[in-house]
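The structure appears right after this line, and notes come after that.
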Ligand code: AMP
(Lines give C-alpha, C1' and ligand atoms only; values in the text may rest on other atoms or scores of the structure.)
Protein backbone atom coordinates (compact mmCIF):
# COMPACT_ATOMS: atom_id res chain seq x y z
CA UNK A 1 0.00 0.00 0.00
CA UNK A 2 1.33 3.39 -1.01
CA UNK A 3 0.82 6.05 1.65
CA UNK A 4 0.41 9.67 0.56
CA UNK A 5 1.72 12.26 2.97
CA UNK A 6 1.36 16.03 2.84
CA UNK A 7 3.05 17.54 5.87
CA UNK A 8 6.51 17.26 7.40
CA UNK A 9 4.90 15.82 10.54
CA UNK A 10 3.05 13.10 8.61
CA UNK A 11 6.26 12.20 6.79
CA UNK A 12 8.22 11.99 10.05
CA UNK A 13 5.62 9.77 11.70
CA UNK A 14 5.48 7.41 8.71
CA UNK A 15 9.29 7.21 8.46
CA UNK A 16 9.60 6.22 12.11
CA UNK A 17 7.75 2.98 11.33
CA UNK A 18 9.53 1.78 8.17
CA UNK A 19 12.33 -0.72 7.59
CA UNK A 20 15.77 0.39 6.49
CA UNK A 21 17.53 0.98 4.21
CA UNK A 22 15.41 3.72 2.68
CA UNK A 23 15.75 4.72 -0.98
CA UNK A 24 14.63 8.24 -1.90
CA UNK A 25 13.47 9.30 -5.38
CA UNK A 26 12.93 13.07 -5.63
CA UNK A 27 10.76 14.19 -8.56
CA UNK A 28 8.74 17.13 -9.78
CA UNK A 29 5.92 14.86 -10.92
CA UNK A 30 4.47 14.32 -14.42
CA UNK A 31 6.12 10.95 -14.04
CA UNK A 32 7.42 8.97 -17.01
CA UNK A 33 9.54 5.89 -17.60
CA UNK A 34 12.69 7.77 -16.57
CA UNK A 35 11.23 8.28 -13.10
CA UNK A 36 9.98 4.70 -13.09
CA UNK A 37 13.52 3.46 -13.71
CA UNK A 38 14.73 5.35 -10.61
CA UNK A 39 11.90 3.86 -8.54
CA UNK A 40 12.72 0.36 -9.81
CA UNK A 41 16.37 0.76 -8.86
CA UNK A 42 15.37 2.13 -5.45
CA UNK A 43 12.94 -0.78 -4.99
CA UNK A 44 15.67 -3.30 -5.83
CA UNK A 45 18.22 -1.77 -3.43
CA UNK A 46 16.11 -0.88 -0.39
CA UNK A 47 13.50 -2.13 2.09
CA UNK A 48 11.52 1.10 1.82
CA UNK A 49 11.07 3.45 -1.15
CA UNK A 50 10.11 7.09 -0.61
CA UNK A 51 9.25 9.26 -3.61
CA UNK A 52 8.64 12.97 -3.43
CA UNK A 53 6.50 14.96 -5.84
CA UNK A 54 7.19 18.66 -5.54
CA UNK A 55 7.42 21.26 -8.29
CA UNK A 56 10.10 23.39 -6.68
CA UNK A 57 9.48 27.08 -7.42
CA UNK A 58 13.02 28.02 -6.39
CA UNK A 59 14.68 26.14 -9.23
CA UNK A 60 12.75 27.89 -12.01
CA UNK A 61 14.19 30.98 -13.62
CA UNK A 62 10.84 32.32 -14.78
CA UNK A 63 7.54 32.31 -12.90
CA UNK A 64 5.83 31.39 -16.15
CA UNK A 65 7.98 28.28 -16.54
CA UNK A 66 6.94 27.24 -13.03
CA UNK A 67 3.24 27.84 -13.62
CA UNK A 68 3.20 26.00 -16.94
CA UNK A 69 5.14 22.99 -15.60
CA UNK A 70 2.86 19.98 -16.27
CA UNK A 71 1.07 18.49 -13.26
CA UNK A 72 -1.18 15.44 -12.82
CA UNK A 73 -1.06 14.17 -9.26
CA UNK A 74 -3.63 11.39 -9.65
CA UNK A 75 -1.71 9.84 -12.52
CA UNK A 76 1.61 10.27 -10.66
CA UNK A 77 0.26 8.53 -7.56
CA UNK A 78 -0.96 5.60 -9.67
CA UNK A 79 2.53 5.26 -11.16
CA UNK A 80 4.13 5.34 -7.68
CA UNK A 81 1.72 2.62 -6.54
CA UNK A 82 2.47 0.58 -9.65
CA UNK A 83 6.21 0.78 -8.91
CA UNK A 84 5.74 -0.33 -5.31
CA UNK A 85 6.67 3.02 -3.74
CA UNK A 86 5.89 2.83 -0.01
CA UNK A 87 5.62 6.52 0.86
CA UNK A 88 4.90 9.49 -1.39
CA UNK A 89 5.54 12.92 0.04
CA UNK A 90 3.59 15.49 -1.99
CA UNK A 91 3.82 18.68 0.08
CA UNK A 92 2.65 22.24 -0.52
CA UNK A 93 5.27 24.97 -1.05
CA UNK A 94 4.76 26.23 2.53
CA UNK A 95 5.43 22.78 3.94
CA UNK A 96 8.83 22.63 2.20
CA UNK A 97 9.78 26.27 2.77
CA UNK A 98 8.57 26.79 6.33
CA UNK A 99 7.59 30.28 7.56
CA UNK A 100 10.67 32.50 7.73
CA UNK A 101 12.72 30.13 5.57
CA UNK A 102 15.94 31.98 4.80
CA UNK A 103 18.69 29.55 3.81
CA UNK A 104 20.27 28.99 0.41
CA UNK A 105 22.64 26.13 -0.42
CA UNK A 106 25.10 27.30 -3.06
CA UNK A 107 27.49 24.77 -4.59
CA UNK A 108 30.74 26.08 -6.10
CA UNK A 109 32.63 25.27 -9.29
CA UNK A 110 30.60 22.35 -10.66
CA UNK A 111 27.41 24.40 -10.41
CA UNK A 112 28.77 27.38 -12.38
CA UNK A 113 29.15 26.39 -16.07
CA UNK A 114 26.55 24.95 -18.49
CA UNK A 115 23.12 24.91 -16.78
CA UNK A 116 24.44 27.15 -14.01
CA UNK A 117 25.42 29.81 -16.55
CA UNK A 118 22.28 29.41 -18.64
CA UNK A 119 19.90 29.37 -15.64
CA UNK A 120 21.18 31.66 -12.87
CA UNK A 121 20.05 30.48 -9.43
CA UNK A 122 18.76 27.16 -10.75
CA UNK A 123 21.26 24.99 -8.88
CA UNK A 124 20.86 27.02 -5.68
CA UNK A 125 17.19 26.05 -5.85
CA UNK A 126 18.00 22.42 -6.58
CA UNK A 127 20.69 22.07 -3.90
CA UNK A 128 18.50 23.79 -1.31
CA UNK A 129 15.44 21.61 -1.89
CA UNK A 130 17.49 18.41 -2.07
CA UNK A 131 19.25 19.31 1.19
CA UNK A 132 15.81 19.71 2.80
CA UNK A 133 14.64 16.36 1.39
CA UNK A 134 17.81 14.60 2.52
CA UNK A 135 17.38 16.12 5.99
CA UNK A 136 13.72 15.18 6.27
CA UNK A 137 13.95 11.65 4.90
CA UNK A 138 17.40 10.61 6.16
CA UNK A 139 17.56 7.97 3.41
CA UNK A 140 20.60 5.74 2.98
CA UNK A 141 20.33 6.13 -0.81
CA UNK A 142 18.91 8.69 -3.21
CA UNK A 143 18.43 8.12 -6.94
CA UNK A 144 18.89 10.69 -9.69
CA UNK A 145 18.95 10.52 -13.49
CA UNK A 146 22.18 10.81 -15.46
CA UNK A 147 20.05 12.76 -17.96
CA UNK A 148 20.69 15.73 -15.64
CA UNK A 149 24.39 14.94 -15.30
CA UNK A 150 25.43 18.29 -13.86
CA UNK A 151 22.60 18.10 -11.33
CA UNK A 152 23.97 14.77 -10.09
CA UNK A 153 27.42 16.35 -9.68
CA UNK A 154 26.03 19.34 -7.81
CA UNK A 155 23.99 17.15 -5.44
CA UNK A 156 26.94 14.81 -4.80
CA UNK A 157 29.17 17.75 -3.94
CA UNK A 158 26.50 19.23 -1.66
CA UNK A 159 25.86 15.92 0.16
CA UNK A 160 29.57 15.28 0.72
CA UNK A 161 30.39 18.82 1.79
CA UNK A 162 27.48 19.00 4.24
CA UNK A 163 28.15 15.46 5.54
CA UNK A 164 24.61 14.37 4.74
CA UNK A 165 24.12 10.65 5.35
CA UNK A 166 22.59 9.90 1.94
CA UNK A 167 24.52 8.25 -0.91
CA UNK A 168 23.79 9.76 -4.30
CA UNK A 169 23.23 7.14 -7.01
CA UNK A 170 23.07 8.06 -10.71
CA UNK A 171 20.85 5.97 -13.02
CA UNK A 172 21.07 5.72 -16.83
CA UNK A 173 19.04 7.99 -19.10
CA UNK A 174 15.83 6.41 -20.39
CA UNK A 175 15.04 7.29 -24.02
CA UNK A 176 12.21 7.05 -26.53
CA UNK A 177 12.85 4.55 -29.33
CA UNK A 178 14.09 7.42 -31.55
CA UNK A 179 16.67 8.48 -28.97
CA UNK A 180 14.90 11.47 -27.40
CA UNK A 181 15.56 11.45 -23.65
CA UNK A 182 12.30 11.26 -21.70
CA UNK A 183 11.51 14.55 -20.02
CA UNK A 184 8.42 16.15 -18.53
CA UNK A 185 9.13 19.07 -20.87
CA UNK A 186 8.64 16.96 -24.00
CA UNK A 187 4.89 17.43 -23.60
CA UNK A 188 5.33 21.08 -24.67
CA UNK A 189 6.85 20.16 -28.06
CA UNK A 190 4.63 20.63 -31.11
CA UNK A 191 4.45 17.62 -33.45
CA UNK A 192 7.09 19.12 -35.77
CA UNK A 193 9.36 20.02 -32.82
CA UNK A 194 8.90 16.52 -31.42
CA UNK A 195 9.96 15.07 -34.78
CA UNK A 196 13.07 17.29 -34.74
CA UNK A 197 14.06 16.72 -31.09
CA UNK A 198 16.00 13.43 -31.52
CA UNK A 199 18.71 15.62 -33.09
CA UNK A 200 20.16 16.06 -29.58
CA UNK A 201 20.89 12.37 -29.26
CA UNK A 202 22.07 12.14 -32.89
CA UNK A 203 24.57 14.94 -32.25
CA UNK A 204 25.87 13.20 -29.12
CA UNK A 205 26.20 9.87 -30.93
CA UNK A 206 28.00 11.49 -33.86
CA UNK A 207 30.55 13.17 -31.57
CA UNK A 208 30.97 9.97 -29.53
CA UNK A 209 31.62 8.04 -32.75
CA UNK A 210 34.26 10.61 -33.79
CA UNK A 211 35.95 10.17 -30.41
CA UNK A 212 35.87 6.39 -30.67
CA UNK A 213 37.45 6.56 -34.10
CA UNK A 214 40.36 8.55 -32.66
CA UNK A 215 39.41 12.23 -32.66
CA UNK A 216 40.87 13.81 -29.51
CA UNK A 217 40.43 17.53 -30.15
CA UNK A 218 37.79 19.14 -27.92
CA UNK A 219 37.14 21.79 -30.60
CA UNK A 220 36.62 19.15 -33.27
CA UNK A 221 34.12 17.31 -31.07
CA UNK A 222 32.28 20.54 -30.20
CA UNK A 223 32.15 21.36 -33.95
CA UNK A 224 30.69 17.93 -34.62
CA UNK A 225 27.93 18.53 -32.05
CA UNK A 226 27.22 21.95 -33.60
CA UNK A 227 27.21 20.64 -37.17
CA UNK A 228 24.59 17.99 -36.46
CA UNK A 229 22.40 20.52 -34.61
CA UNK A 230 22.76 23.09 -37.41
CA UNK A 231 21.34 20.62 -39.91
CA UNK A 232 18.03 20.74 -38.00
CA UNK A 233 16.32 24.09 -38.70
CA UNK A 234 14.01 23.95 -35.65
CA UNK A 235 16.91 23.41 -33.23
CA UNK A 236 18.34 26.55 -31.64
CA UNK A 237 21.45 25.52 -29.70
CA UNK A 238 22.01 27.15 -26.33
CA UNK A 239 25.38 25.49 -25.66
CA UNK A 240 27.45 22.49 -26.62
CA UNK A 241 30.15 21.24 -24.27
CA UNK A 242 32.98 18.74 -24.17
CA UNK A 243 34.09 18.83 -20.55
CA UNK A 244 36.04 17.03 -17.88
CA UNK A 245 33.46 14.76 -16.21
CA UNK A 246 34.78 15.56 -12.72
CA UNK A 247 35.23 19.33 -12.93
CA UNK A 248 33.14 20.31 -15.99
CA UNK A 249 36.08 22.39 -17.27
CA UNK A 250 36.00 22.52 -21.10
CA UNK A 251 38.64 20.24 -22.58
CA UNK A 252 41.19 21.07 -25.30
CA UNK A 253 42.11 17.40 -25.59
CA UNK A 254 39.91 14.45 -24.71
CA UNK A 255 41.90 11.54 -23.40
CA UNK A 256 40.34 8.90 -21.11
CA UNK A 257 36.95 10.52 -20.56
CA UNK A 258 34.68 13.46 -21.25
CA UNK A 259 31.11 14.53 -20.67
CA UNK A 260 29.45 15.66 -23.90
CA UNK A 261 26.46 17.83 -23.14
CA UNK A 262 24.12 20.19 -24.91
CA UNK A 263 21.10 22.39 -24.41
CA UNK A 264 18.84 23.17 -27.35
CA UNK A 265 15.66 25.20 -27.73
CA UNK A 266 12.72 24.18 -29.87
CA UNK A 267 10.46 27.22 -29.81
CA UNK A 268 9.92 27.94 -26.11
CA UNK A 269 10.91 24.44 -24.94
CA UNK A 270 14.48 23.93 -23.82
CA UNK A 271 15.87 20.39 -23.82
CA UNK A 272 19.16 19.04 -22.44
CA UNK A 273 20.99 15.78 -22.97
CA UNK A 274 24.46 14.33 -22.46
CA UNK A 275 26.69 11.37 -23.12
CA UNK A 276 29.64 10.21 -21.06
CA UNK A 277 32.71 9.14 -23.05
CA UNK A 278 34.82 6.62 -21.18
CA UNK A 279 37.72 4.60 -22.48
CA UNK A 280 37.23 0.91 -21.66
CA UNK A 281 39.17 -0.17 -18.59
CA UNK A 282 42.72 -1.17 -19.52
CA UNK A 283 42.60 0.68 -22.87
P1 LIG B 1 12.33 15.81 -12.58
O2 LIG B 1 10.98 15.33 -12.19
O3 LIG B 1 12.43 16.27 -14.01
O4 LIG B 1 12.93 16.78 -11.59
O5 LIG B 1 13.25 14.53 -12.53
C6 LIG B 1 13.33 13.74 -11.36
C7 LIG B 1 14.45 12.79 -11.52
O8 LIG B 1 14.23 11.96 -12.67
C9 LIG B 1 15.80 13.49 -11.74
O10 LIG B 1 16.78 12.81 -10.99
C11 LIG B 1 16.00 13.33 -13.21
O12 LIG B 1 17.37 13.34 -13.58
C13 LIG B 1 15.39 11.97 -13.46
N14 LIG B 1 15.06 11.82 -14.87
C15 LIG B 1 14.38 12.70 -15.65
N16 LIG B 1 14.34 12.26 -16.92
C17 LIG B 1 15.00 11.08 -16.94
C18 LIG B 1 15.29 10.12 -17.97
N19 LIG B 1 14.91 10.30 -19.24
N20 LIG B 1 16.00 9.02 -17.64
C21 LIG B 1 16.42 8.83 -16.34
N22 LIG B 1 16.16 9.69 -15.34
C23 LIG B 1 15.46 10.80 -15.64
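The values are calculated or read from the model by the stated rules, or taken from the named source; none is laboratory data. No experiment lies behind these values; they were computed from the predicted model shown. Neighbour counts run over all protein chains shown; Cβ positions are idealised from the backbone, glycine included.
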Of the listed residues (138, 125, 145), the one being in contact (Cβ under 8 Å) with a residue 40 or more places away in the chain, on the phi < 0 side of the Ramachandran plot and surrounded by fewer than 20 Cβ atoms within 10 Å (Cβ to Cβ) is 125
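One line per residue, one yes/no per condition, for (1) within 15 Å of the ligand (Cβ to nearest atom); (2) modelled with pLDDT of 95 or more; (3) in contact with a helix residue (DSSP H, G or I) (Cβ under 8 Å, 6 or more places away or on another chain):
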| position | (1), (2), (3) |
| --- | --- |
| 119 | yes, yes, no |
| 136 | no, yes, yes |
| 140 | no, yes, no |
| 150 | yes, yes, yes |
The one condition residue 172 fails out of (1) closer than 23 Å to residue 35 by Cβ; (2) buried (at least 16 other Cβ atoms within 10 Å of the Cβ) is (2)
Note on the stretch 80-94: residues assigned to a helix (DSSP H, G or I) and crowded, with 20+ Cβ neighbours inside 10 Å are 80
Looking across the stretch 1-30 at residues that are within 16 Å of the ligand (Cβ to nearest atom) and over 13 Å from the mean Cα position of the chain (by Cα), the single one that is farthest from residue 273 (Cα to Cα) is 23
Matching residues in the stretch 1-41 (touching a helix residue (DSSP H, G or I) at 6+ places or on another chain (Cβ under 9 Å), assigned to a loop (DSSP other than H, G, I, E, B) and either within 27 Å of residue 172 (Cα to Cα) or modelled with pLDDT of 95 or more (or both)) number 9
Would you confirm whether or not the stretch 95-118 contains a residue that is within 16 Å of the chain's Cα centre (by Cα), under 27 Å from residue 45 (Cα atoms) and crowded, with 22+ Cβ neighbours inside 10 Å? no
With criteria (1) surrounded by 15 or more Cβ atoms within 10 Å (Cβ to Cβ); (2) out of contact with any strand residue (DSSP E or B) (no Cβ under 8 Å at 6 or more places or on another chain); (3) in a helix (DSSP H, G or I), residue 44 comes up short on (1)
Notebook entry, point to check: Any residue in the stretch 51-66 that is surrounded by 13 or more Cβ atoms within 10 Å (Cβ to Cβ), more than 16 Å from the chain's Cα centre (by Cα), within 13 Å of the ligand (Cβ to nearest atom) and not in a helix (DSSP H, G or I)?
Noted result: no
- Task: Would you check if residue 125 is more than 17 Å from residue 240 (Cα to Cα), assigned to a helix (DSSP H, G or I) and either in contact with a helix residue (DSSP H, G or I) (Cβ under 6 Å, 6 or more places away or on another chain) or within 11 Å of the ligand (Cβ to nearest atom) (or both)?
- Result: yes
Taking the stretch 158-169 and the residues there that are surrounded by fewer than 18 Cβ atoms within 10 Å (Cβ to Cβ) and more than 15 Å from the ligand (Cβ to nearest atom), the one that is nearest to residue 276 (Cα to Cα) would be 160
Whether any residue in the stretch 170-186 is away from the ligand (no atom under 16 Å from the Cβ), more than 13 Å from the chain's Cα centre (by Cα) and not in a strand (DSSP E or B) is what I want to check. no
Restricted to the stretch 218-244 and to residues being closer than 26 Å to residue 157 by Cα and free of Cβ contacts under 8 Å to residues at least 40 places away in the same chain, the residue surrounded by the fewest Cβ atoms within 10 Å (Cβ to Cβ) is 244
Yes/no for residue 38 being more than 10 Å from the ligand (Cβ to nearest atom) and surrounded by 16 or more Cβ atoms within 10 Å (Cβ to Cβ): no
